[in-house]
Structures are given as C-alpha cells and as structure tokens.
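Worksheet: the structure to be examined is printed underneath.
Every read-out reported here was derived from the displayed coordinates using simple, explicitly stated rules and does not represent laboratory data. The structure displayed is predicted, hence computed values, not measured ones. All Cβ positions, even for glycine, are placed from backbone atoms using ideal geometry, and neighbour counts span all protein chains on display.
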Amino acid sequence: MCVFCKIVAKEIPADVVFESIDVLAFNDINPEAPTHVLVIPKWHYENAADLAASAPTTLAELFTVADQIAKERELDGYRLTFNTGESAGQSVFHAHLHILGGRPFAWPPG
Ligand code: AMP
Ligand code: ZN
C-alpha cells in the first residue's frame, strides 16, 4: 500500500483538515508555505491524468475542496499543483493536489 493509501486507511497518522466520502485533505509534512495542504482521492490513482480518466467527479471535488479550504483561511490567492513524473517533482505516486498559500509565489516556478 502506498503512503497516502495508508493515511486513508489510518495506518499512519496525518493532520487531516477535511474529509468526505471520496476525498481527504491533510497538512503536508514538509510545508513549503504557511498553507500547504494536500487534497487526495481516497482511492489510489497514480497521477492526475489517471484520476481524470477514471473518476472525473472526484478530480473536480479536489478543486472545490481546495477553494473551500482557501476561503476558510481567507487566503487572498493560492497556487494549485499536480506534479506528474519524477522530473516534475512527483515523489508520491498517488494523485494529490497541493494547495500552497500564505506567501507570494514567483512565476515561472523553479
Ligand atoms: P510530490 O513531491 O508532488 O509527490 O508531493 C508529495 C508531498 O507529500 C511532499 O510535499 C511531501 O512533503 C508530502 N508527504 C510525504 N509523506 C507525507 C506524510 N506522511 N504526511 C504528509 N505529507 C507527506
Ligand atoms: Zn495510494
């Protein structure tokens, strides 16, 4: 089982900030910004494209949950990221949407 499937199964702890039938959101263990939350499907999909192909409604829910969390925190802006593939920085191969907020972000990203 992958690390995020273990979090869904409560085999390893996480700082959960939102949960629904299909989606879980928790604080990133190594935050890169004052708000750094990961929003994941509860079922295992390797990346965003696999999730889009198999469960588009759940993919859409990740974005609505992200916006809800940003509004609760009164973020004036936020960045959403799906890293896909090692060269883009993906290290956990269970689809996850990063919500980053609470500080300015450069563009283009590094
Ligand atoms: P990525 O590099 O895009 O695959 O993102 C994986 C993210 O998962 C990284 O930002 C890690 O800090 C985070 N992460 C890894 N293990 C855990 C964990 N057990 N709990 C919370 N976040 C984690
Ligand atoms: Zn998984």
Practice problem: Work out the FRET efficiency for residue 19 and residue 86 from their Cβ-Cβ distance, taking R0 = 25 Å, and round it to the nearest 0.05. | Solution: 0.30
Quiz item: How far is helix 56-72 tilted, in degrees, relative to the longest principal axis of the Cα atoms in the chain, given as a value from 0 to 90 rounded to the nearest 10?
Solution: 40 degrees
Quiz item: Tell me, what ³J(HN,Hα) does each residue in the stretch 31-36 have, in order and in whole Hz, if you take phi through Karplus 6.51 cos²θ - 1.76 cosθ + 1.60 with θ = phi - 60° and put x for Gly and Pro?
Solution: x, 9, 7, x, 10, 9
Practice problem: Scan around residue 95 for amide H atoms under 5 Å from its own, H built in the peptide plane at 1.01 Å from N, and keep only partners 5 or more places away or cross-chain. | Solution: 45, 46, 47
Practice problem: Using only the alpha carbon atoms of the chain, find the Kirkwood hydrodynamic radius as the inverse mean reciprocal pair distance, in angstroms to one decimal. | Solution: 14.2 Å
Exercise. Determine the gain in length on full extension of the stretch residue 63-residue 32; use 0.36 nm per residue of separation and subtract their C-alpha separation, reporting nm with one decimal.
Key: 9.2 nm
Exercise. Note down the magnitude of the dipole of the chain about its Cα centre, charges +1 on Lys and Arg C-beta and -1 on Asp and Glu C-beta and zero elsewhere, to the nearest 20 debye.
Key: 80 debye
Exercise. With label points built 7 Å along Cα→Cβ from the Cα atoms of residue 1 and residue 50, find their separation and express it in nm.
Key: 1.7 nm
Quiz item: Want the number for residue 42 to residue 107: 0.36 nm per residue separation, take away the alpha-carbon distance, what's left?
Solution: 20.3 nm
Self-check item: trypsin sites (Lys or Arg not before Pro) lying in DSSP loop within the stretch 1-87, provided at most 10 other Cβ fall within 10 Å
Solution: 10
